[in-house]
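A.B. asks: Structure below; questions to follow.
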Amino acid sequence: MQVVKPNSESQSNPPYSPQSPPISVVRIIDRLNIGGPAKHVVWLTAGLAPDAFDTALITGTVPAGEGDMGYFARSEGVEPLMLPAMSRELSPRDGLVVLQLLRLLWRLRPDIVHTHKAKAGAGGRVAAWLYKWLTPSALWLKPRPCTIVHTYHGHVLHSYFGPLKTRLFLMIERLLAKLTDHIITVSEQ
């Protein structure tokens, strides 16, 4: 696994100490369908020490015809927060999803927002960036302390779509990388 820091001006949260309040981590994934990404986010969410971390998992609904791993999340002690409007497919409701995510982030007040997969990564990173900068201290160019992390799963940027669509998604991902403090890939390519 390779960790790349695309934004040299990113801020890091200070290390945890027993006197510190728990670090709040919010993970966002488009759906908990059968597969590795769903297991990955559930294990990450459940596996952080509860005395050091408050964690939440936000997910959309799994469409008919796909297996739902919500049962797996619950068996690991994770109760996902559901956003029914968040889905895999591009939709006119995607703007609404960003606003719903922003409202949840304001309520949960995370120190770290960690997005997974392309669709939730796009909406989640935009919402996290708005959460970070829509604060009175932003008037003095001091954003709310929140680290934005994205993990790529799969290969949508290589050989998944045709050349034009791939080029469009690469351009969008390059723009989103500017909003992201840390990017995690599952490949060296």
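The values are calculated or read from the model by the stated rules, or taken from the named source; none is laboratory data. No experiment lies behind these values; they were computed from the predicted model shown. FYI the Cβ positions are ideal-geometry reconstructions off the backbone, even for glycines, and counts take in every protein chain you see.
A.B. asks: With the requirement that a residue be assigned to a helix (DSSP H, G or I) and either over 15 Å from the mean Cα position of the chain (by Cα) or crowded, with 20+ Cβ neighbours inside 10 Å (or both), what does region 130-158 give you?
C.D. replies: 131, 132, 133, 136, 137, 138, 139, 140
A.B. asks: Filter region 56-72 down to the residues that are at pLDDT 95 or above and in contact with a Pro (Cβ under 6 Å, 6 or more places away or on another chain), then identify the one that is nearest to residue 30 (Cα to Cα).
C.D. replies: Among those that are at pLDDT 95 or above and in contact with a Pro (Cβ under 6 Å, 6 or more places away or on another chain), it is 59.
A.B. asks: Being of a type in the set (Lys, Arg) and over 19 Å from residue 63 (Cβ atoms) is the filter here, so list the residues in region 89-134 that pass it.
C.D. replies: 103, 107, 109, 125, 132, listed by residue number.
A.B. asks: Moving to a separate point now. Quick check on region 84-108: of everything there that is part of a loop (DSSP other than H, G, I, E, B) and loosely packed, with under 12 Cβ neighbours inside 10 Å, which residue is modelled with the highest pLDDT?
C.D. replies: The residue in question is 84.
A.B. asks: Next question, about the same structure. Residues 95, 121: which one is within 30 Å of residue 165 (Cβ to Cβ) and in contact with a His (Cβ under 6 Å, 6 or more places away or on another chain)?
C.D. replies: 121
A.B. asks: Any residue in region 126-140 that's without any contact (Cβ under 8 Å) to a residue 24 or more places away in the chain: show its pairings with residues that are of a type in the set (Lys, Arg) and outside any helix (DSSP H, G or I) at Cβ separation under 6 Å, as long as the two are six or more apart or on different chains.
C.D. replies: Hits for this filter: 132/144; 135/144.
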